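This report concerns only the one structure given below.
Nothing in this text is a laboratory measurement; each read-out follows from the coordinates by a stated rule. Note that this is a predicted model, so its numbers are computed, not measured. Every residue, glycine as well, gets a Cβ built from its backbone with ideal geometry; the counts of neighbours run over all protein chains shown.
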């Protein structure tokens with residue numbers, strides 16, 4: 001893309017970017033965009049922290065109120081109810 005990536009394009013590629021599943025050229029374009037876009041940079045940082053928390057923590061390790069709020073924000077309410 002000659003004019004750089006737009007925020008919507010970043011959002012569409014965000015999961016693959018976080019999981020290191022994109023080709024180097026596309027990663028470089030995303031990183032160039034992130035360097036100048038604090039909103040997208042905050043989104044990437046938040047998603048990375050969420051993924052790290054998810055990978056390192058069992059749902060039962062979280063206090064019930066924290067788990068319920070997290071599931072609600074991630075729209076996983078049904079999973080929270082099934083795990084109890």
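Note on residue 43/residue 68: beta-carbon distance plugged into 1/(1 + (r/R0)^6) with R0 of 25 Å gives a FRET efficiency of 0.60. Please say if segment 1-42 is rounded, prolate or oblate, where rounded means a/c under 1.5 for a ≥ b ≥ c the square roots of the C-alpha gyration tensor eigenvalues, and otherwise the choice is prolate for a/b larger than b/c and oblate otherwise? Because a/c hits 1.5 or more and a/b fails to exceed b/c, segment 1-42 counts as oblate. Shape analysis of segment 7-83 based on the Cα gyration tensor places the equivalent ellipsoid semi-axes at 29, 12, 11 Å, largest first.
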